[in-house]
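The values are calculated or read from the model by the stated rules, or taken from the named source; none is laboratory data. Since this is a predicted model, take the numbers as computed values, not measurements. Virtual Cβ from ideal backbone geometry, glycine too; neighbours counted across all protein chains shown.
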Amino acid sequence: MIQTKLKDIVLKIESGSRPKGGIKNNTGTIPSLGAEHLMDSGGINISKMKFVDSVFFKNLNSGVIEQKDILVVKDGATTGKVSYLDKNFPYEVASINEHVFRLKIDENKGCSKYVYWYLKSSKGHKQILLDFRGATVGGITKSFLDKIIFPLPTLFEQKRIADLLDKVDVLRRKRKQSIQLLDDYLKSVFYDMFGDPVKNDKGWKIKLFGEIIKSIRYGTGSPPVYSEIGIPFIRATNIKGGTVVENELKFITEEEAYKIAKCKITKNNLIIVRSGVNSGDCAIINDKYSGSYAGYDLIVDIDYPYSVFYNYLINLPYCKSVLLPLSRRAGQPHLNSEQIQRLIFFFPIKNLQIKFAQIVEQVEKTKSKMQENLKELENLFNSLMNNFLNNNIY
């Protein structure tokens, strides 16, 4: 297959500008996109859009963008991030500021969406950054086009490959949206059943968390020796969104587990992250991880259904705002058991907590199936992308 330099199929590359002194009044009608508007998904975040007026826009010498343009962050922490301006962008005209490059592809030589997918791949991203210069706040120049050499099949094949990747990507995003809808549903159920935890507008009893839990203990202070297989060892990085995730999950042998017997966790235990950027994150232990061992974090022994209810409550933004100052108070680098036990929570009647726990369990079962399906779609997408990068026609 023909290998070509990106510069050979690019008609135009340019960055934009913004009004002198920046966009201050934001009263215009024409969007001005910066690095912050390019999303990881490849789309454009319009919720934080800034606008320039028509006078400034008419005087632009460069940086006016249109459909099928590829946008690349040119400097800063997200240098090399790529987005694509497709028909879903809701504005007829728009511009970019000085932190973004606009690439216009010669459609007689290359399919813009095909090029976008290549640049968005890990291999394409690494090639973009070959031009990176400067310190942390450095960036790339237009010469990054010279660094990128990639497979260029016929236009027909390019479009076929791009269409295939698009279709799988649409399925991935729809599945993610469905999972988010389930999360939104649970949040709605919680507030409907229990009211606002800040206001306690339903007048529930107030208790110290220490009165509700059975006990609280610390995980191991020193990491055990990991093994390829064995018993799961739950660390702070595995605590996400109220549950245990498998990303970078570590394992230990029975011999290592014996040394940290106090750190064994069982179903309905809660693990609360003690330190770091995820301080205060909480997860409930389900059947799958019952019998595992916990790392440096706090292990809370609490009965069902309170375990389900308070796991959900602690992960709400309200509780995050309560826990964050605790982890920083008096220079403390982390949360401790006394702070957790002194937390003041409302205490709805048990029957209502049981009903909520049952709803959560049904939603989590559905969510688990969706996440498995999403994982399969991710694997399919990555397989297609790898074939693409390895010059295989599929």
Among (1) among the aliphatic types (A, V, I, L, M); (2) over 28 Å from the mean Cα position of the chain (by Cα); (3) under 19 Å from LEU389 (Cα atoms), where does LEU60 come up short? (3)
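Does ILE271 satisfy the condition of being within 30 Å of TRP204 (Cα to Cα) and surrounded by 15 or more Cβ atoms within 10 Å (Cβ to Cβ)? First the steps, then the outcome.
Working: within 30 Å of TRP204 (Cα to Cα): yes; surrounded by 15 or more Cβ atoms within 10 Å (Cβ to Cβ): yes.
The answer is yes for ILE271.
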Report the residue count in region 1-27 for those that are assigned to a loop (DSSP other than H, G, I, E, B), of a type in the set (Val, Ile, Thr), modelled with pLDDT under 95 and under 16 Å from LEU152 (Cα atoms). 1
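Could you tell me whether any residue of region 375-387 is of a type outside the set (Asp, Glu) and in contact with a Pro (Cβ under 9 Å, 6 or more places away or on another chain)?
No, there is no match, as no residue in region 375-387 is of a type outside the set (Asp, Glu) and in contact with a Pro (Cβ under 9 Å, 6 or more places away or on another chain).
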Kindly list, by first and then second residue, each pair from a residue in region 111-129 that is free of Cβ contacts under 8 Å to residues at least 12 places away in the same chain and crowded, with 16+ Cβ neighbours inside 10 Å to a residue that is β-branched (Val, Ile, Thr) and assigned to a helix (DSSP H, G or I), limited to pairs with Cβ atoms under 6 Å and residues at least 6 apart or on different chains. none
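Considering only region 31-64, state which residues are charged (D, E, K, R) and more than 26 Å from ARG173 (Cα to Cα).
Restricting attention to region 31-64, the residues satisfying the condition of being charged (D, E, K, R) are 36, 40, 48, 50, 53, 58.
Passing the criteria: ASP53, LYS58.
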Total residues in region 346-394, condition among the basic types (Lys, Arg), over 20 Å from the mean Cα position of the chain (by Cα) and either under 20 Å from ASP184 (Cα atoms) or modelled with pLDDT under 90 (or both): 2
Among LEU11, LEU103, which is exposed (fewer than 15 other Cβ atoms within 10 Å of the Cβ), hydrophobic (A, V, I, L, M, F, W, C) and closer than 15 Å to LYS142 by Cα? LEU11
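Quick one: in region 234-290, of everything that is assigned to a loop (DSSP other than H, G, I, E, B) and acidic (Asp, Glu), which residue is nearest to ASN315 (Cα to Cα)? Outline the logic, then answer.
Our first condition is that a residue be assigned to a loop (DSSP other than H, G, I, E, B); within region 234-290, this holds for 235, 241, 245-249, 253, 260, 265-269, 273-274, 276-281, 285-286, 290.
Going one step further and asking which of them are acidic (Asp, Glu), we end up with 246, 248, 281.
Numbers: GLU246: 19, GLU248: 22, ASP281: 6 Å.
The qualifying residue nearest to ASN315 (Cα to Cα) is ASP281.
Quick check on my filter: what residues within region 1-26 are among the acidic types (Asp, Glu) and within 12 Å of ARG102 (Cβ to Cβ)? Can you show your working first?
Restricting attention to region 1-26, the residues satisfying the condition of being among the acidic types (Asp, Glu) are 8, 14.
GLU14 - this is the single residue of region 1-26 that is among the acidic types (Asp, Glu) and within 12 Å of ARG102 (Cβ to Cβ).
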Residues located in region 342-394, provided they are more than 24 Å from LEU152 (Cα to Cα) and either in contact with a His (Cβ under 9 Å, 6 or more places away or on another chain) or outside any helix (DSSP H, G or I) (or both): ARG342, LEU343, ILE344, PHE345, PHE346, PHE347, PRO348, ILE349
